[in-house]
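Bear in mind these aren't lab numbers, they're just calculated from the coordinates by the rules spelled out. Bear in mind that the values here come from a model prediction, so they are computed numbers and not experimental data. Heads up, the Cβs are rebuilt from the backbone with ideal geometry, glycines too, and the neighbour counts pull from every protein chain shown.
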Amino acid sequence: MSFLPEYPELTPRMRSVLERMERVRREPLHLQSPQAARAAYEASADVLEVPRRPLARVEDVEVRSRDGALLPARIYQDDAWRRGVLLYLHGGGFTIGSIGTHDILCRELAALAGCAVVSLGYRLAPEHRFPQAVDDAWDALQWLAAQRRALSWPASPIAV
């Protein structure tokens with residue numbers, strides 16, 4: 001591996017992850033246009049080759065924002081759901097990333113944490129200036145609180 005010095009304490013599984021990441025060999029995101037960085041990030045989302053866990057519920061919905069825009073969101077819920085809802089805001093510095101790039105992670109969170117997960121496709125910069133993504137997140141939280149009963153989570157706490 002050229003991008004990391006050799007670390008003998010790495011497990012074979014972790015070494016395999018790093019080798020797969022190196023194979024992607026993309027130009028650093030900060031040197032790309034926002035559109036090119038998004039495309040590269042989307043293309044490398046499955047680099048870890050983790051299978052998509054099947055869940056009892058994976059449902060695409062729309063959240064209406066304060067300015068009337070419809071924001072995509074995806075609900076994840078496992079049969080082992082116990083209690084609670086997580087409003088998940090994907091990584092990417094508010095410029096890259098999507099519901100799709102974090103699909104595997106949200107499936108794992110729903111299954112392993114025993115909570116429902118609602119992943120929000122908030123609007124990205126630079127096309128949408130600050131604080132648009134924050135406003136979208138707040139609007140989604142308000143929507144989620146208002147829709148808990150309709151979504152079958154009437155008394156569930158919400159985490160962000």
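Neighbours of Ala69, meaning other residues whose beta-carbon lies under 13 angstrom from its beta-carbon, give a summed charge of -3 when Lys and Arg score +1 and Asp and Glu score -1. Taking a ≥ b ≥ c as the square roots of the eigenvalues of the Cα gyration tensor, region 37-117 is classed as oblate, since a/c reaches at least 1.5 and a/b does not exceed b/c. Taking Cα centre as origin and charging only the Cβ of basic (Lys, Arg, +1) and acidic (Asp, Glu, -1) residues, the dipole magnitude of the chain rounds to 320 debye. Beta bridges from DSSP with both residues in the chain: antiparallel share about 65 percent, rounded to the nearest 5.
Could you tell me how many degrees, from 0 to 90 and to the nearest 10, lie between the Cα long axis of helix 34-43 and the main elongation axis, the longest principal axis, of the Cα atoms of the chain? Between the helix axis and the principal axis of the chain, the angle is about 80 degrees. Overall form of region 72-160: oblate. Here a/c, set by the Cα gyration tensor axes a ≥ b ≥ c, is 1.5 or more, and a/b is not larger than b/c. Can you find, among Cys106, Ala137, Ala80, the residue sitting farthest towards the positive end of the charge dipole of the chain, where Lys and Arg contribute +1 and Asp and Glu -1 at Cβ? Sorting the options by dipole projection puts first Ala80. Ranking Val63, Val50, Leu89 by Cα position along the charge dipole of the chain, where only Lys, Arg, Asp and Glu carry charges on their C-beta atoms, puts Val63 farthest toward the positive end.
Nearest 10 degrees, 0 to 90: what angle lies between the long axis of helix 12-24 and the longest principal axis of the chain (Cα atoms)? The two axes meet at around 90 degrees. Between 0 and 90 degrees, the angle of helix 132-147 with respect to the longest Cα principal axis of the chain falls at about 50 degrees.
Taking every C-alpha pair closer than 8 Å and separated by at least 6 residues, the mean separation divided by the residue count of the chain gives a relative contact order of 22 percent.
By its C-alpha gyration tensor, with a ≥ b ≥ c as the square roots of the eigenvalues, how is the chain shaped: rounded for a/c under 1.5, else prolate for a/b larger than b/c, else oblate? Oblate.
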